[in-house]
Amino acid sequence: MTPDTTWIEPEIASAEDLRKLIAPVRYVLWDLDGPMCRLFAGHPAPRVAHGLVTTVERAGQPELLTMKERLLKDPHAMLTGISRRHPNSDLLTELEEWLTRQELVAVPGAFPTPHADPLIRKWSALGVQFAVTTNNSARAAAAYVDTRRLADCFPYIIGRTRDLHLMKPHPHSLLQALDVMDANPSEALMVGDAPTDYAAARAADVRFLGYAGNRPKVVALRKAGAEPSCIVRSLKDVWDALTS
């Protein structure tokens, strides 16, 4: 970018957009890592990914991971890649449990997303029902919710299963949440921060609110098809729309 180049921020939701989006909502499906917290703030995901690579190599099966997956340093992408190419690998169940333990280690150092806790409490107090729908372990999600004293707000926590092909963008966790909540999809909203969340919301036929804490996140959601009217840079915008 040259000194004369004008930096144009991508368009995001207006206050009116948000009021229209959340007005009919009675059920909110929250992704964990992103909208609620930075789960790996104190136990970085690249370190976890490196540990997963080491675990695979010590098991004598380095071929399970592609070079691209190793470079991405995304443990979830690694697991889904292995699951897709080697669905019957005996090592896969062990790796999923290993990742769950790493997520549990990360919980005490997780950093709450700004404005998430008060927004959750306020929205819940207004009678809206919540569920966590995450690609992380349900055990880790429950542990995080407990540390924030939000357990009363989240009676339903649906996380990763041993069938890793059911992780988002598959709508499995969202559909399961809608079922246990006896929720009409037209009255439901998913809060997520990734293109996979948006794809899952579309597949489950529920509204989507994209939390994009930085410009690349906004761009990624827009490329995935999310409209500007459902993207925010701060959850305070949602709080303002809710309380207005």
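Yes/no matrix, rows are residues, columns are (1) basic (Lys, Arg); (2) in a loop (DSSP other than H, G, I, E, B); (3) surrounded by fewer than 18 Cβ atoms within 10 Å (Cβ to Cβ); (4) touching a strand residue (DSSP E or B) at 6+ places or on another chain (Cβ under 8 Å):
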position: LEU21; (1), (2), (3), (4): no, no, no, yes
position: ALA41; (1), (2), (3), (4): no, yes, yes, yes
position: HIS50; (1), (2), (3), (4): no, no, yes, no
position: THR54; (1), (2), (3), (4): no, no, yes, no
position: GLU69; (1), (2), (3), (4): no, no, no, no
position: HIS76; (1), (2), (3), (4): no, no, no, no
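Looking only at region 184-200, decide whether some residue is charged (D, E, K, R), more than 27 Å from ARG101 (Cα to Cα) and touching a Lys or Arg at 6+ places or on another chain (Cβ under 7 Å). Yes: region 184-200 contains one or more residues that are charged (D, E, K, R), more than 27 Å from ARG101 (Cα to Cα) and touching a Lys or Arg at 6+ places or on another chain (Cβ under 7 Å).
The set of residues from region 177-210 being crowded, with 22+ Cβ neighbours inside 10 Å, within 14 Å of the chain's Cα centre (by Cα) and in a helix (DSSP H, G or I) comprises ASP197, TYR198, ALA200, ALA201. Considering region 78-91, the residues that are part of a helix (DSSP H, G or I) and within 18 Å of LYS168 (Cα to Cα) include one that is most open to solvent (accessible area, probe 1.4 Å), namely ARG84.
Against the conditions (1) surrounded by fewer than 19 Cβ atoms within 10 Å (Cβ to Cβ); (2) farther than 25 Å from LEU39 by Cα, PRO216 satisfies every one except (2). Scan region 123-132 for residues that are crowded, with 17+ Cβ neighbours inside 10 Å and either in a loop (DSSP other than H, G, I, E, B) or of a type in the set (Phe, Trp, Tyr) (or both) and the total you get is 3.
Is there a residue being open to solvent by less than 50 Å² (accessible area, probe 1.4 Å), hydroxyl-bearing (Ser, Thr, Tyr) and either part of a helix (DSSP H, G or I) or at positive phi (or both) anywhere in region 107-121? Even if it seems obvious, please write down each step before you answer.
Of the residues in region 107-121, the ones open to solvent by less than 50 Å² (accessible area, probe 1.4 Å) are 107, 109-110, 112-113, 116-117, 119-120.
Restricting the remaining residues to those that are hydroxyl-bearing (Ser, Thr, Tyr) gives 113.
Now narrow it down to the ones that are either part of a helix (DSSP H, G or I) or at positive phi (or both): none.
No: zero hits.
Please verify whether region 133-152 includes one or more residues that are in contact (Cβ under 8 Å) with a residue 24 or more places away in the chain, in a loop (DSSP other than H, G, I, E, B), in contact with a strand residue (DSSP E or B) (Cβ under 9 Å, 6 or more places away or on another chain) and open to solvent by 70 Å² or more (accessible area, probe 1.4 Å). Within region 133-152 (the criterion being in contact (Cβ under 8 Å) with a residue 24 or more places away in the chain, in a loop (DSSP other than H, G, I, E, B), in contact with a strand residue (DSSP E or B) (Cβ under 9 Å, 6 or more places away or on another chain) and open to solvent by 70 Å² or more (accessible area, probe 1.4 Å)), the answer is yes, since at least one residue qualifies. Pairing residues of region 216-241 that are at positive phi and without any contact (Cβ under 8 Å) to a residue 60 or more places away in the chain with residues that are of a type in the set (Ser, Thr, Tyr) and surrounded by 14 or more Cβ atoms within 10 Å (Cβ to Cβ), at Cβ distances under 8 Å and at least 6 apart in sequence or on separate chains, gives GLY225/TYR198.
Return the residues of region 56-67 that are assigned to a helix (DSSP H, G or I), among the hydrophobic types (A, V, I, L, M, F, W, C) and closer than 16 Å to LEU91 by Cα; say none if nothing qualifies.
Passing the criteria: VAL56, LEU64.
Looking only at residues in region 221-244 that are closer than 13 Å to GLU11 by Cα and among the small types (Gly, Ala, Ser), the one that is least open to solvent (accessible area, probe 1.4 Å) is ALA226.
The values are calculated or read from the model by the stated rules, or taken from the named source; none is laboratory data. Computed from a predicted model, the values in this text were never measured in an experiment. Neighbour counts run over all protein chains shown; Cβ positions are idealised from the backbone, glycine included. When the accessible area is computed, the model is the full protein with side chains, heavy atoms only, and any ligands, DNA or RNA have been set aside. Shrake-Rupley method; radii C 1.70, N 1.55, O 1.52, S 1.80 Å.
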